[in-house]
Amino acid sequence: MTSKKYTFSLVFSAFMLLGMGCNPAEKETLAVKEYDLSKPEVFNMPESLKEISGIAFNKGKSDVFYAVQDEEGKVFHLSWKNQAHKFTKFAGKGDFEDITIVKDQVVVLKSNGSLFSFPFADTQLAQTAKTKEHRGLLPKGEYEGMFGDEVSGKIYVLCKSCAGDIPGKNVSGYILSAGSSIQKTGDFTLSVDAIKAIAGKIKKGFQPSALAKNPVTGDWFILSSINKLLVVADKNWKPKQVYPLSSNNFNQPEGIAFDKLGNLFISNEGDETMDGNILKFKRLIK
């Protein structure tokens, strides 16, 4: 069945997935409707953010977005539906994949696993940040997804492709402490086999591109751009929902964030024919 046959409402997608081999015990969880992925509010990015990757809010406040793009060491800040923007330079050119703001620190993830941090105040007061680069905290590999938990002060990073992982079986994740001195404090595993048990066969393996925690439910929302999938996992990283993402709305989903009300935001990189954008999905369950 092709993706065009889905309506991409969460409920409808869930029922389609049930028909792909899910057992009855999963039915109640899969049928939960929080967001309608077929009806986003769309905010097209300016040319400077055509290659938008990660997005973040400060303390869940959605009045200002903070974003990075793939090529320049700049954190952009702009408000919803207003393409006028400012930026704070934190590094030279590089492949920057995600951003988080936690404990008054901005942290940016580079694809090789290096982290760049600087005080959040620098985004308001300076055009060039006082940046610290943190190397060697994460094993060698390719990384795209990161989330900082303001409550716990922990930063979570998922491998896209790491040598220690078994392709098609598991994805490694790492837990870091937030603050000016970032340290690795733990690890975790996301089971690709558990994702397959819900979604069926996954071509090219599961390669996470972004993650965020829903502040209302505590669930993890994990994007895989190459697979055009959204995975919902519980607080222990056990997958419980998998949704295919329509190419009509999701050109190249690279970033994900929630505001404090639980509204969902997903950023898409643009291409030769499309602008980059951010899609907003209002939480339907109060």
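The values are calculated or read from the model by the stated rules, or taken from the named source; none is laboratory data. Note that the structure is predicted; figures quoted are calculated from it, not measured. Every residue, glycine among them, receives a Cβ derived from its backbone with ideal geometry; neighbour counts consider all protein chains shown.
Results, tabulated for the structure shown:
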item: Criterion violated by LEU125 - all others in (1) surrounded by 15 or more Cβ atoms within 10 Å (Cβ to Cβ); (2) more than 16 Å from ILE52 (Cα to Cα); (3) not acidic (Asp, Glu) satisfied; result: (1)
item: Wholly enclosed strands (runs of 3 or more DSSP E) of region 128-169 bearing at least 2 residues in contact with a Pro (Cβ under 9 Å, 6 or more places away or on another chain), of a type in the set (A, V, I, L, M, F, W, C) and crowded, with 22+ Cβ neighbours inside 10 Å; result: 154-162
item: Selection from region 70-83 of residues that are surrounded by fewer than 15 Cβ atoms within 10 Å (Cβ to Cβ) and in contact (Cβ under 8 Å) with a residue 24 or more places away in the chain; result: GLU71, TRP80, LYS81, GLN83
item: Residues of region 259-274 that turn out to be surrounded by fewer than 19 Cβ atoms within 10 Å (Cβ to Cβ), farther than 21 Å from GLY148 by Cα and in contact (Cβ under 8 Å) with a residue 12 or more places away in the chain, as a count; result: 3
item: Residues located in region 236-258, provided they are among the charged types (D, E, K, R), surrounded by fewer than 21 Cβ atoms within 10 Å (Cβ to Cβ) and over 18 Å from SER172 (Cβ atoms); result: LYS240
item: Entirely in region 211-286, the strands (runs of 3 or more DSSP E) that have 1 or more residues that are at pLDDT 95 or above and within 18 Å of PHE57 (Cα to Cα); result: 220-224, 253-258, 264-268, 277-281
item: Condition met for SER111 (surrounded by fewer than 19 Cβ atoms within 10 Å (Cβ to Cβ), of a type in the set (Ser, Thr, Tyr) and at pLDDT below 95); result: no
item: Residue match in region 210-222 (condition: closer than 27 Å to LYS282 by Cα and touching a helix residue (DSSP H, G or I) at 6+ places or on another chain (Cβ under 6 Å)); result: no
item: Test for ALA199: is it buried (at least 21 other Cβ atoms within 10 Å of the Cβ) and either over 16 Å from LEU245 (Cα atoms) or among the aliphatic types (A, V, I, L, M) (or both); result: yes
item: Test set (1) aromatic (Phe, Trp, Tyr); (2) touching a residue at least 60 places away in the same chain (Cβ under 8 Å); (3) under 23 Å from ASN44 (Cβ atoms) - PHE96 fails condition number; result: (2)
item: From the options THR88, THR100, residue that is part of a strand (DSSP E or B), at pLDDT 95 or above, touching a helix residue (DSSP H, G or I) at 6+ places or on another chain (Cβ under 6 Å) and surrounded by 21 or more Cβ atoms within 10 Å (Cβ to Cβ); result: THR88
item: Qualifying residue in region 152-173 (condition: touching a His at 6+ places or on another chain (Cβ under 8 Å), of a type in the set (Ser, Thr, Tyr) and closer than 20 Å to VAL68 by Cα); result: no
item: In region 129-188, the residues that are touching a Leu at 6+ places or on another chain (Cβ under 6 Å) and of a type in the set (Lys, Arg); result: LYS184
item: When residues of region 178-190 are limited to those that are within 19 Å of the chain's Cα centre (by Cα) and of a type outside the set (Phe, Trp, Tyr), the one nearest to VAL102 (Cα to Cα); result: ALA178
item: Yes/no for ALA67 being buried (at least 17 other Cβ atoms within 10 Å of the Cβ) and not aromatic (Phe, Trp, Tyr); result: yes
item: Close pairs from region 135-149: first on the phi < 0 side of the Ramachandran plot and among the basic types (Lys, Arg), partner part of a strand (DSSP E or B) and buried (at least 24 other Cβ atoms within 10 Å of the Cβ), Cβ under 8 Å, at least 6 apart; result: none
